Amino acid sequence: MTALLAVWFLPERASDIAREVDALFYGLLVLCGIIAIGVCAAVIVFCLRYRQGSNATRQAEQKTIPLEITWSAIPLVIFIALFIWAGAVYFHMSKPPDNATEIHVVGKQWMWKIQHPTGRREINEIHLLINQPVKLLMTSQDVIHDVFVPAFRTKQDVLPGRYTIEWFTPIKTGDYHLFCAEYCGDGHSRMGGWVHVMAPDAYAKWLADTSTTESVVAAGARLFQARGCAGCHGPNATVHAPPLNGIFGHPVALSTGKTVIADEQYIHDSILQPKKDIVAGYPDNLMPTYQGQLGEEEVMELIGYIKALGSTSGGVP
Amino acid sequence: MSAESPVAHQFEDAAQQREAATLGMWVFLATEVLFFGAMFLGYTVYRLKYPEVFRMASEHTIIVIGTINTGILLLSSFTMVLAVRAAEFKRRMALIAFLSVTALFGIAFLVLKGFEYAHEINEGLFPGSHFQFTEADPYTARMFFYLYFLMTGVHALHVTIGVIMLVIFALRAMLTLKLERLSTAVDLLGLYWHFVDIVWVFLFPLIYLVDRHS
Amino acid sequence: MNAIATPQAPPQPPSHEPSYLAVENTVRSWLLTTDHKRIGILYMISITLFFLVGGAAATLMRLNLLTPQGALVTSTTYNKLFTIHGVIMVWFFLIPSVPTVIGNFVLPMMLGARDVAFPRLNLASWYLFIGGGAFALWAIIAGGVDTGWTFYTPYSSTYANGHVIAMATGIFIAGFGSIATGLNFIVTVHKMRAPGLTWHRLPLFVWSMYSTSVILVLATPVLAITLVLMALERAFGIGIFDPAIGGDPLLFQHLFWFYSHPAVYIMILPGMGVVSEIIACFSRKAVFGYYFVAYSSVAIAVLGFVVWGHHMFVSSQSIYAGMVFSILSFLVSIPSAIKVFNWTATLYRGSIWFQTPFLYVLGFIGLFTIGGLTGLFLAALAVDVHLTDTYFVIAHFHYIMVGGMVMAYLGGLHYWWPKISGRMYPELLAKLSALFIFAGFNLTFFPQFILGYLGMPRRYHAYAPEFQVLNVLSTAGASILAIGYFLPLAYFLWSLRYGKVAGPNPWQATGLEWTTESPPPEHNFTVVPIVTEPPYAYDPVAAEEALAAKREQREPAYVR
């Protein structure tokens, strides 16, 4: 019986947030169940009792105002409470912790391309270490997709030209469905795979299987040289281009007088659409666009490298 | 609008018919507000997202024509008011004259707009395959011109429909024996015409004036 | 005999004109009619045909989902099927259903008017509807569209195959038909009311139609321009939605839902109006809390415009926008809750007469309550993240739109059928079909709530094997539902010829439409009705007494 229930009503619960979401869900279920059963019971009782020809008392007019106020005010209070509860969980869902491992995800019709910080790539599968918070940095190469892992109770659209973030902490080993939840065309229902949550030893073994690949930062560094970024932004550059050391996560003054935080989106756009935001004090035609020359995965590697520049060399020269 | 008998069968009297027609026009204009509103919203979103490029692109519109056209439309609203009054007081010659003058203003607006379009298309600013823009990101500039041609184009379509209606009404004023039948209809056409003017009064600063330096 | 109901105006003197059906019966007289009643019939026939198209698509989808691999069709075909189902059911069945059929037929009569304010515009709106429908059907026959009814960019504007532009054109054109209907109803309600029919004497159906019309007029143009922008982007590769050319795909979603969320209320408010009429009539009691039910319709129409963002909680809009849209979505559910409570209270101390329209209303209340309450799950941010884009959402909105609106539409058709046709439908068969529909509906859609919570995403042609049991149940339910829908189609046609003659007021109801003959004469009323009563002047006590008196008269017959 429990097994049947588990299959039918209780999806696997494999992330810490899932517990909070389920609590809220069952809270809503009980509350709404009471309301629904109450309304239905009232309707049935009234229908039987006041059916034509029964011996009940009839009355054409009744006082309405006190009742109206009651049944408007009580739901209002309950709904506001529910909103606050749900909002709090949502807020928690939206803020990844600082120690989360960052995994890059690129969606395209119809597959998921994953890259771990070690540089290891996977397609339609993500291997995760139990109890280690994970932050997915995601973008799409074509249409809108959505990373949905029911067992983690999380879901986030993956948009072209924009980074979105999804995070979770897996708390239970096992294999869980990975679905695309935003309709993306012909292969939509095939665009998915598995999330494998592994115990430390199994995970270590999986890592050890890795044929030698360069890490994200190393790959980014290689691209930085190979694609000519270093010629202008590197330490020995003669061209007057903004230095990148320590820039990540810090404010940048723009030529329009505005200031933006140099986050993933900003660096992504600066590489692909350099004319969009010009750093104050630099000419606007210096940087060539890399639109069409760098794939989304390569841009992510470059971002990984630029982030590392910030953390290793400290202050801005 | 063009009932053969003075009061259509579903109405009790002429006053009810007139009120219904007027309210109908107001509701229609409410629909139109939302129709243009969605485009204005899209324009505003991207104006805020790409302020620099939109500014540079907007400087390629011809502000002189834009300003003259604003004046023309404002004048045409004035002559439209006079036409409505003439219909109310059943002054046939004045009605025909003011409807015609309003139509002429509308045509003048369209001709000038046409010159501006021709100039912009020659400069390669029409967002088609020949689009070229060198000062800033061409994609973004193209978006400006796309929205510009779309919004002013839909507006010009409304002006054109207004002009056609004005001409028809002027002809009807010449031919019909009983002017009172036209009075409500001219009134409604007036509402429509003022609405088209107001849309331009919003379009003009949005496209030509915001952030303009030159 | 005691009066169990006081009509809003005295019965009409007999008219010596032929009924609207008998006036002239050439094809031309129907296709060029400006009579609101005939236009209502034209709409009834056309939306029934569209319902069959949309229903056929649904049937194929449900059959395909019998097995995890997809039993019947390829994924391409499946994607086209759900697009057909969505587009046809939303724009060519649900949105026009109650407003253009029942609204067109009874609204002017409820107001004591001879017709709507602009009869020719009314006919034009039907032609726009048919023209739009022709484009949509052409798009389907020519090869279909696979974008889903939501047309999300950049998929629809750049990547999708098929006749997206033709489909969008069809919806665009039909949209202007909707606007014309809305405009007509607004002006009609404002300016065509009979003497003495003040706003607060209006039947609640009129209030709900008025609120619906406001939404139609203010929301539809936004959809129109959004579809134009999408189609231009698809045709010429220039636009504002595709990020590859600097656009923002979320802007499309904002504009689309700015229309489509209010459109959800277009698809339920008219049903709520029908329910108010029927529940008062068959419990022989005035609707409890008239003012609250009336103004809750207005509140829904207004609040409905500010909750669109709850469709986009996981689309990467800012979390603060999510919070605002969430609280507003909770608030918009309160006027709906008020309606349900008031309907329930209406039954209290009434004299309930179980006729088919009332059964549909009972079904409506139960299913709409479930549909509405599950809406709270989707308004609750953290739970929505898990549930959005799964079958939970599918189940939720089918409970509202099929469990709510279609139930109300059928209930309304049964209720006003004697007025429309002059004949009664076969009561027993009608009750049976109501039962089939209720049972089949629940079996079809309740499993989908569970599927959704288990994580089955929507728009999936194939699915993980553990979801099969629930999918098979759902398909089984759909087949019962299909039988339930075919029965009324058959017996309504049958009743046109063989049904019992109904008489002007078979339900002893109070509305002005019941003071005239069935079917009504061309201009509805022989004399202008002068309204002296509020609506729903029913008396349950008198109804019981009348019933008892009737029984006593009949008693000897039974004794013998």
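Structural remarks
This table checks each residue for (1) assigned to a loop (DSSP other than H, G, I, E, B); (2) surrounded by 15 or more Cβ atoms within 10 Å (Cβ to Cβ); (3) more than 12 Å from chain C (Cβ to nearest Cβ); (4) out of contact with any strand residue (DSSP E or B) (no Cβ under 7 Å at 6 or more places or on another chain).
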position: A:Asp157; (1), (2), (3), (4): no, yes, no, no
position: A:Ile165; (1), (2), (3), (4): no, yes, no, no
position: A:Leu178; (1), (2), (3), (4): no, yes, no, no
position: A:Tyr183; (1), (2), (3), (4): yes, yes, no, yes
position: A:Ser189; (1), (2), (3), (4): no, yes, no, yes
position: A:Val197; (1), (2), (3), (4): no, yes, yes, no
position: A:Ala202; (1), (2), (3), (4): no, yes, yes, yes
position: A:Leu207; (1), (2), (3), (4): no, no, yes, yes
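- Filtered by the rule that a residue be in contact with a strand residue (DSSP E or B) (Cβ under 7 Å, 6 or more places away or on another chain) and on the phi < 0 side of the Ramachandran plot, the stretch C:440-498 gives C:Gly452, C:Met456, C:Pro457, C:Arg458, C:Ala464, C:Ser495, C:Leu496.
- Per-region count, the stretch C:449-486, residues under 17 Å from C:Ala57 (Cβ atoms), surrounded by 20 or more Cβ atoms within 10 Å (Cβ to Cβ) and of a type in the set (A, V, I, L, M, F, W, C): 2
- Tally of residues being in contact (Cβ under 8 Å) with a residue 12 or more places away in the chain and either within 23 Å of A:Cys180 (Cβ to Cβ) or in contact with a Lys or Arg (Cβ under 9 Å, 6 or more places away or on another chain) (or both) across the stretch C:306-334: 10
- Taking the criterion of being surrounded by fewer than 16 Cβ atoms within 10 Å (Cβ to Cβ) and not in a helix (DSSP H, G or I), the residues of the stretch A:89-100 that qualify are A:Lys95, A:Pro97, A:Asp98, A:Asn99.
- The set of residues in the stretch C:322-356 being assigned to a helix (DSSP H, G or I), touching a Ser or Thr at 6+ places or on another chain (Cβ under 7 Å), farther than 28 Å from A:Phe91 by Cα and at the interface with another protein chain (Cβ under 7 Å from one of its Cβ atoms) consists of C:Ile338, C:Val340, C:Leu347.
- Cβ-Cβ under 6 Å pairs, at least 6 apart or on other chains, the stretch C:108-124 side facing chain B (nearest Cβ under 7 Å), far side of a type in the set (Val, Ile, Thr) and assigned to a loop (DSSP other than H, G, I, E, B): C:Pro119/C:Thr34
- Hits in the stretch C:118-136 - residues which are under 17 Å from C:Leu32 (Cα atoms) and of a type in the set (A, V, I, L, M): C:Leu121, C:Leu123, C:Ala124, C:Leu128, C:Ile130
- Extreme residue, nearest to C:Thr100 (Cα to Cα), among residues of the stretch C:128-165 that are in a helix (DSSP H, G or I), out of contact with any strand residue (DSSP E or B) (no Cβ under 8 Å at 6 or more places or on another chain) and free of Cβ contacts under 8 Å to residues at least 40 places away in the same chain: C:Ala134
- Filter result (of a type in the set (Phe, Trp, Tyr) and modelled with pLDDT of 90 or more) within the stretch B:119-156: B:Phe144, B:Phe145, B:Tyr146, B:Tyr148, B:Phe149
- For the stretch A:257-278, the criterion of being at positive phi and either part of a loop (DSSP other than H, G, I, E, B) or under 21 Å from the mean Cα position of the chain (by Cα) (or both) is met by at least one residue.
- Here C:Ala160 meets each of (1) within 12 Å of another protein chain (Cβ to nearest Cβ); (2) within 30 Å of C:Glu517 (Cα to Cα) with one exception, condition (2).
- Some residue of the stretch C:92-108 being out of contact with any strand residue (DSSP E or B) (no Cβ under 7 Å at 6 or more places or on another chain), modelled with pLDDT of 95 or more and not in a helix (DSSP H, G or I): no
- Checked against (1) surrounded by 15 or more Cβ atoms within 10 Å (Cβ to Cβ); (2) within 16 Å of B:Val159 (Cα to Cα), B:Leu74 passes all but a single condition, namely (1).
- Tally, over the stretch C:279-328, of residues that are closer than 25 Å to C:Thr346 by Cα and either of a type in the set (D, E, K, R) or modelled with pLDDT under 90 (or both): 2
- Considered as a group, the residues in the stretch C:254-271 that are of a type outside the set (Phe, Trp, Tyr) and in contact with a Leu (Cβ under 8 Å, 6 or more places away or on another chain) include one that is nearest to C:Thr212 (Cα to Cα), and that residue is C:Ile266.
- Scope the stretch C:400-441; condition more than 14 Å from every other protein chain (Cβ to nearest Cβ) and among the aromatic types (Phe, Trp, Tyr); matching residues: C:Tyr409, C:Tyr415, C:Trp416, C:Trp417, C:Tyr425, C:Phe436, C:Phe441
Residue-by-condition table, conditions (1) surrounded by fewer than 15 Cβ atoms within 10 Å (Cβ to Cβ); (2) in a helix (DSSP H, G or I); (3) not assigned by TED's automatic domain parsing to the domain that holds A:Met138:
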site	(1), (2), (3)
A:Gly38	yes, yes, yes
A:Ile44	yes, yes, yes
A:Thr57	yes, no, yes
A:Ala60	no, no, yes
A:Trp71	no, yes, yes
A:Pro75	no, yes, yes
A:Ile80	yes, yes, yes
A:Gly87	no, yes, yes
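- Among the candidates B:Glu59, B:Glu12, the residue that is surrounded by fewer than 16 Cβ atoms within 10 Å (Cβ to Cβ), within 9 Å of chain C (Cβ to nearest Cβ) and more than 30 Å from C:Pro262 (Cα to Cα) is uniquely B:Glu12.
- One residue from C:Phe397, C:Phe377 being within 24 Å of A:Tyr26 (Cα to Cα), away from every other protein chain (no Cβ under 14 Å) and assigned to a helix (DSSP H, G or I): C:Phe397
- Pick from the stretch A:113-148, criterion within 14 Å of another protein chain (Cβ to nearest Cβ) and among the acidic types (Asp, Glu), ranking: nearest to A:Ala204 (Cα to Cα): A:Asp146
- C:Leu362 farther than 30 Å from A:Ile165 by Cα, of a type in the set (A, V, I, L, M, F, W, C), more than 10 Å from chain A (Cβ to nearest Cβ) and in a helix (DSSP H, G or I): no
- Subset of the stretch B:5-56 that is more than 17 Å from C:Phe185 (Cα to Cα) and of a type in the set (S, T, N, Q) - its residue that is modelled with the lowest pLDDT: B:Ser5
- First in the stretch B:77-93 and farther than 25 Å from B:Ala108 by Cβ, second anywhere and of a type outside the set (Phe, Trp, Tyr) and in a helix (DSSP H, G or I), Cβ under 7 Å, 6 or more apart: B:Glu88/B:Ser183; B:Lys90/B:Glu180
- Scan of the stretch B:27-48 for residues that are more than 7 Å from every other protein chain (Cβ to nearest Cβ), in contact with a Leu (Cβ under 8 Å, 6 or more places away or on another chain) and closer than 18 Å to B:Ile207 by Cβ, ordered by number: B:Phe40, B:Leu41, B:Tyr43, B:Thr44, B:Arg47
- Of the listed requirements (1) surrounded by 17 or more Cβ atoms within 10 Å (Cβ to Cβ); (2) assigned to a helix (DSSP H, G or I), C:Pro504 misses just one: (2).
The values are calculated or read from the model by the stated rules, or taken from the named source; none is laboratory data. Quantities reported herein were computed from a predicted structural model and do not represent experimental measurements. No Cβ is skipped: glycine too gets one built from the backbone with ideal geometry, and neighbour counts run over all protein chains shown.
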